[in-house]
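The values are calculated or read from the model by the stated rules, or taken from the named source; none is laboratory data. Not measured: the values here are computed from a predicted model. Neighbour counts run over all protein chains shown; Cβ positions are idealised from the backbone, glycine included.
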Amino acid sequence: MFYIMCGLKVHLFEWIGKCKDQIMEGFKMRVDVRNMSFWFSNWSYLGQLGSIMDDVHIPDSALRVRYIWSHEGWRWNRLHTIVPHYVKDFLANMLLYLHEDVHDVVCWQRDVSGEYKVVSAYHWLMNRSSIEAWGFSGIIKGGSWIRGFYGNIGQASIFYVKAIRLFQGLIMARNMEVGKMEVRTDSLKLVWCIKTWKCPSFHCYLSLLQHIYDLLKLDDWEVSVVNIFREGNFCADWLAKHGVASLEHLIRR
């Protein structure tokens, strides 16, 4: 009996240790990459950009991401270093959503609230192999097609997909100088977050939500956000399927 009980205890502790290691993978640092080194920090999917350059000019070596990046695009004219075209093209399509009012925190990425919950940890352990790649899409119409967009964001939560779609739609409408519109989304949770603005400080996508909120509050246009059923927009769903198959982060039509 003693040996059996000892054996059970050993296996139990091993199992607890494995669960702990796997749960730790569910936490991530929500970092403001604007303050990272543009060349020597691993902030992009390309790794450290300085390692793929022929050389980095000395005046550029201390630059931060915030000096070159803006919501309007990358300010390459600020650099003395020659950046290859494929790097520029990749970064131009990279989805970056940064906000100066959102600070660095450690958040639980398996729940959009960013707060650790036993239930979400259990589902994370039981369904680790079920994370899917997602595409997103949106259209602007006034009785008929006007413009649209789609893209691929890889593995992500469904909430992030809906938020990306809303943000990109607002940006496209701003560029078209739309003065009044109704935004329709099939995410009731996203509509609730935007209308009540009760987002916890640990929310995984707080930077993106803050940008959406700022756009909606601009005085020079009138925008309402409403919830619809997914079946209410077959055209956007059709584009989203193209987004999944696409290699690009964002394509506008």
| request: Working only within the stretch 149-161, note down all residues that are in contact with a Leu (Cβ under 7 Å, 6 or more places away or on another chain), surrounded by fewer than 19 Cβ atoms within 10 Å (Cβ to Cβ) and not hydrophobic (A, V, I, L, M, F, W, C). | output: none
| request: Answer yes or no: is there a residue in the stretch 185-204 that is under 15 Å from Ile139 (Cα atoms) and surrounded by fewer than 19 Cβ atoms within 10 Å (Cβ to Cβ). | output: yes
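Matching residues to (1) touching a Ser or Thr at 6+ places or on another chain (Cβ under 8 Å); (2) among the small types (Gly, Ala, Ser); (3) modelled with pLDDT of 80 or more:
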site	(1), (2), (3)
Asp111	yes, no, no
Tyr116	no, no, no
Tyr122	no, no, no
Ser129	no, yes, no
Ser157	no, yes, no
Arg174	no, no, yes
Lys180	no, no, yes
Asp186	no, no, yes
Ile194	no, no, yes
| task | Check the stretch 165-181 and report whether any residue there is surrounded by fewer than 13 Cβ atoms within 10 Å (Cβ to Cβ) and in contact with a Phe, Trp or Tyr (Cβ under 7 Å, 6 or more places away or on another chain). | result | yes
| note | So, first residue outside the structural domain of Ser187 (by TED's automatic domain parsing) in the stretch 138-150, second residue charged (D, E, K, R), Cβ within less than 6 Å, six or more apart or across chains; the pairs are none
| message | Need the failing condition index for Ser207 against (1) in contact with a helix residue (DSSP H, G or I) (Cβ under 6 Å, 6 or more places away or on another chain); (2) at pLDDT below 85, just the number. | response | (1)
